[in-house]
1. Percent of accessible area on the chain owned by carbon and sulfur, 1.4 Å probe?
2. Where the centre of each part is set by its Cα atoms, how far does the range 1-80 sit from the range 253-273, in angstrom?
3. Quick one: of the DSSP bridges fully inside the chain, what percent are antiparallel, nearest 5?
4. Only four residue types carry charge here, +1 at the Cβ of Lys and Arg and -1 at the Cβ of Asp and Glu. Report the dipole size of the chain about the Cα centre in Debye, rounded to the nearest 20.
5. Apply the Karplus curve 6.51 cos²θ - 1.76 cosθ + 1.60, θ = phi - 60°, to the phi angles in the range 297-309 and return the couplings in whole Hz, x for Gly and Pro.
6. So what's the gap between the Cα centers of the range 195-228 and the range 131-152, to the nearest angstrom?
7. Starting from the Cα-Cα distance between Tyr137 and Asp170, subtract it from 0.36 nm times their residue separation and give me the gain in nm to one decimal.
8. By how many degrees, 0 to 90 and rounded to 10, does the Cα axis of helix 214-226 deviate from the longest principal axis of the chain?
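The values are calculated or read from the model by the stated rules, or taken from the named source; none is laboratory data. Treat the numbers as computed from the prediction; the structure is a model and nothing was measured. All Cβ positions, glycine included, derive from the backbone under ideal geometry; neighbour counts span all protein chains shown. For the accessible areas, the whole protein counts, side chains as well, though only heavy atoms, and no ligand, DNA or RNA atoms are used. Shrake-Rupley method; radii C 1.70, N 1.55, O 1.52, S 1.80 Å.
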Amino acid sequence: MVIIIKKGAEKAQVEHLKELLRSRNIDPQETKGALQTIIGCIGDVAHLDPGLIEALDVVESVQRIQEPYKAANRKFHPEDSVLECGGARLGGGNFSVIAGPCSVESEEQIVSIAKSVKAAGATMLRGGAFKPRTSPYAFQGLGKAGLDMLSSAKRETGLPIVTELMDFRDIELFNDVDVIQIGARNMQNFNLLKEVGAYTKKPILLKRGMSATLQELLMSAEYIMASGNPNVILCERGIRTFETALRNTLDLGVVTLLHRLSHLPVVIDPSHATGHAFMVDSMAVGATAVGADGLIIEVHNDPAHARCDGAQSQTPEMFAATMERVKKVREAVCSR
Ligand code: PEP
Ligand code: MN
């Protein structure tokens, strides 16, 4: 349920309404837009009589939200959310590119890649320390040592860091991490979503599960938001279809649709979506043209010897060329 407040309402009246909602076990979330102030109601609103609320002096109207996702819903928060990601901004016209290797392999590697992606215009550094691998025999990431290496790269370059959390028991190691990634394989790990949402307000980069519908993605965002963290970034990284020529199928239509359904920023991952380094450039450019709020791109200094996802990793030179094109596309076609 969304409550639209009358123009010129007094602060004390609005506070009074919020108190009333709290007394009914509803968490009132106020959004002050340029045109109107609205209060989104989080919790079980079934026992709340909309007629009663509408009768209050301070209330303009009451709108029921039919969709099962509430906090993530654009109706709940009509303006784009703008997320602060350790110095970088994302959403509402703020475009950000996250780049770096699939996995952190050594301090030298991550610092050198961080320097090159920063020089090319990346605003955040990615690198996995805890890796969700299909095979238990494959490289699982450097764990805590990998996080320490990411911190060194952050100190050297100033780039905020983005890295995946797979197990909530590791959360205390993530103090220096700016954006916590929840990977595609964990998109519906509801306990992880709840724990992370309750523990931190740091932005969470939530990757779409490989067979997840958009509604399922939004419901997973809702889990994080309902637990107390409104700062969720939605990430499309390709879905599994009948097509086997590509690692996944990039669903670019989601950018427009998610922007209609939700106020959360939408980031595209052209690396996992295609699985081929030679396709990353065109898909990154396409994603930018359709209005994505950002990109997350795998870049490796020596893709042939990468310990993970080398085939889809751009070299720093390829990445710099992509960034040039992305910049031109933004200037040419993006109003957001
Ligand atoms: C990754 O970003 O390296 C990764 C494992 O992504 P996904 O969860 O989208 O497969
Ligand atoms: Mn990867």
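1. 52
2. One Cα centre to the other: 27 Å.
3. In the chain, approximately 40 percent of DSSP beta bridges are antiparallel ones.
4. With Lys and Arg at +1 and Asp and Glu at -1, about 280 debye.
5. 10, 7, 10, 9, 6, 8, x, 4, 10, 5, 7, 7, 6
6. After rounding, the separation between the Cα centres reads 22 Å.
7. 9.8 nm
8. Helix 214-226 and the main axis of the chain meet at about 70 degrees.
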